[in-house]
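Notes to accompany the following structure.
The values are calculated or read from the model by the stated rules, or taken from the named source; none is laboratory data. What you are looking at is a predicted structure, and each value in this text was computed from that prediction instead of being measured. Every residue, glycine as well, gets a Cβ built from its backbone with ideal geometry; the counts of neighbours run over all protein chains shown. In case anyone asks, the SASA skips ligands and DNA or RNA and just uses the protein heavy atoms, side chains included. Shrake-Rupley method; radii C 1.70, N 1.55, O 1.52, S 1.80 Å.
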Amino acid sequence: MPSKLSVRDLDVAGKTVFVRVDFNVPLNDRQEVTDDTRIAASLQTINHLLERNAAIVLASHLGRPKGKNVFEMSLSPVADRLAELVKSPVRFARDCVGAEVKELIAGLNPGEILLLENLRFHAEETTNDADFARELAEGCDLYVNDAFGTAHRAHASTEGMTRHFSECAAGMLVTKELDFLGQMLQKPKRPSAALLGGAKISGKIPVIESLLKSIDTIMIGGGMAFTFFRALGLNVGASLVDEELLETAKRILDSAKEVGREILLPVDLVIAREISNDAETKIILPTDIPEGWMGLDIGPKTIALYSDVLERSQSVFWNGPMGVFEVSNFAKGTMEMATAMATATGRGTITVVGGGDSVAAIAALGLKEQFGHISTGGGASLEYMEGKPLPGVEALSELQRS
Ligand code: AMP
């Protein structure tokens, strides 16, 4: 994949720079930001631009207002929090396009920040409307995308508007994501491993197929393990199975053998008759699931086996929980793997987490600081790992090497 222009390569002094950020943060019912991780994550790019005397126009979506002006999804509280974090005033525009916005952008001086109102208050953002995209770009000289979480969507602010700039660069967060995920995809330090779990096997199949090209050992956990077990002819009781993907699962196991990669399935399981902390649980072999029982977590032998692989690996990619981790009886597998990955990171293993539920497990254990890279975009990181081009990245200018 060609390298993309970075914000570091731009000559921004005195210019007005449009930056697509990901400020999709949770707000409580008093309109207060309850988790500012995403705002803080954008500071590196914002400070870089401020130090170089650029005028900054920031734009983001928040929630799913579906083209309507929804008070509860206003970015106004984000402007206040950003001002605190950046220690500099942040102006707020009550819309993202229109005459008032144009005036505010025209009046913006170098070193000043303007945050636009929620892009998705206009349906034209997600439909990638050409006129809306042109209007968004008006008054700005350069474009930067630092919102990895929406890079897999061809929206007006991630794709359409890039046509109106001669230089479109990746922000520092996006560059970091591409560096870490790209390394895992193309030339992971070996031996390399992937730990894949979760329920939606349909979304993970293309990821497994893509990772078979570069990763030595793929460890499967979570609900999707049962489609593989079923494909191997085992009875899985009431466990989650995607009947339509049995053939695909079989094909994947066969092709792993052909290319000399290892796919590991759980060697023991925690089962119950219902997803509840009150339900009776048993630890059994995958061949012994009784009728009416479901596999809801990996068992202790699997934890030991997978931890052993982690210990021997130089790089590891993780996506998806090992069990129904929202219910404490079935959380052990996920939590133990998170801990084992944190320990591996401490020993120098490159660990990359593909967003989503795995991040929630890591956060619950307070281990966030102990991982190599935690992706800010669940959907985007999975699509990238599938080897799919991300429209928001493709649209950026290529780095011209001299
Ligand atoms: P995904 O969005 O595909 O990553 O799936 C995440 C969800 O998978 C979580 O909500 C887990 O509760 C669920 N999950 C994990 N393991 C199992 C399992 N063995 N059976 C049913 N659901 C599971």
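Just to verify a result, which residue in region 330-340, among those that are free of Cβ contacts under 8 Å to residues at least 60 places away in the same chain and either in a loop (DSSP other than H, G, I, E, B) or open to solvent by 30 Å² or more (accessible area, probe 1.4 Å) (or both), is nearest to the ligand (Cβ to nearest atom)?
Filtering first and then ranking leaves Ala331.
Kindly list the number of the only condition in (1) in the same structural domain as Ala59 (by TED's automatic domain parsing); (2) within 16 Å of the ligand (Cβ to nearest atom) that fails for Leu196.
Condition not satisfied by Leu196: (1).
If I go through region 372-383 residue by residue, how many of them are open to solvent by 20 Å² or more (accessible area, probe 1.4 Å) and either under 16 Å from Ala154 (Cα atoms) or of a type outside the set (Val, Ile, Thr) (or both)?
Pass one, region 372-383, residues open to solvent by 20 Å² or more (accessible area, probe 1.4 Å): 372, 374, 376, 378-379, 382-383.
Checking which are either under 16 Å from Ala154 (Cα atoms) or of a type outside the set (Val, Ile, Thr) (or both) leaves us with 372, 378-379, 382-383.
Qualifying residue count for the region: 5.
Which one of these does Gly139 not meet: (1) within 16 Å of the ligand (Cβ to nearest atom); (2) on the phi > 0 side of the Ramachandran plot?
Evaluating Gly139 over (1) within 16 Å of the ligand (Cβ to nearest atom); (2) on the phi > 0 side of the Ramachandran plot leaves (1) as the failure.
Considering only region 1-23, state which residues are touching a helix residue (DSSP H, G or I) at 6+ places or on another chain (Cβ under 7 Å), under 28 Å from Gln183 (Cα atoms), at pLDDT 95 or above and in a loop (DSSP other than H, G, I, E, B).
Asp22, Phe23
Name the residue that is nearest to Gly223 (Cα to Cα), counting only residues in region 158-185 that are of a type in the set (Gly, Ala, Ser) and assigned to a helix (DSSP H, G or I).
Ranking the qualifying residues of region 158-185, first place goes to Gly182.
Might you let me know whether region 342-351 holds any residue that is in contact with a helix residue (DSSP H, G or I) (Cβ under 9 Å, 6 or more places away or on another chain) and within 14 Å of the ligand (Cβ to nearest atom)?
no
Per-residue answers, yes or no, for (1) open to solvent by less than 50 Å² (accessible area, probe 1.4 Å); (2) assigned by TED's automatic domain parsing to the domain that holds Ser60; (3) touching a residue at least 60 places away in the same chain (Cβ under 8 Å); (4) within 24 Å of the chain's Cα centre (by Cα):
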| residue | (1), (2), (3), (4) |
| --- | --- |
| Val86 | yes, yes, no, no |
| Asp95 | no, yes, no, no |
| Gly98 | yes, yes, no, no |
| Val101 | yes, yes, no, no |
| Glu117 | yes, yes, no, yes |
| Phe132 | yes, yes, no, no |
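As an exercise: evaluate Thr343 against (1) among the β-branched types (Val, Ile, Thr); (2) more than 23 Å from Ile283 (Cβ to Cβ); (3) assigned to a loop (DSSP other than H, G, I, E, B) and give the number of the one condition it does not meet.
Among (1) among the β-branched types (Val, Ile, Thr); (2) more than 23 Å from Ile283 (Cβ to Cβ); (3) assigned to a loop (DSSP other than H, G, I, E, B), the lone unmet condition for Thr343 is (3).
Looking only at residues that are more than 16 Å from the ligand (Cβ to nearest atom) and in contact (Cβ under 8 Å) with a residue 24 or more places away in the chain in region 279-298, which one is surrounded by the most Cβ atoms within 10 Å (Cβ to Cβ)?
Among them, the one singled out is Thr287.
For region 308-329, how many residues are open to solvent by 30 Å² or more (accessible area, probe 1.4 Å) and more than 14 Å from the ligand (Cβ to nearest atom)?
4
Any idea which residue in region 186-210 is modelled with the lowest pLDDT, counting only those that are part of a helix (DSSP H, G or I), crowded, with 19+ Cβ neighbours inside 10 Å and under 15 Å from the mean Cα position of the chain (by Cα)?
Among those residues, the one meeting the criterion is Lys204.
Among the candidates Leu49, Leu62, Leu58, which residue alone is within 27 Å of Phe132 (Cα to Cα), open to solvent by less than 40 Å² (accessible area, probe 1.4 Å) and in a strand (DSSP E or B)?
Going through Leu49, Leu62, Leu58 in turn, just one is within 27 Å of Phe132 (Cα to Cα), open to solvent by less than 40 Å² (accessible area, probe 1.4 Å) and in a strand (DSSP E or B): Leu58.
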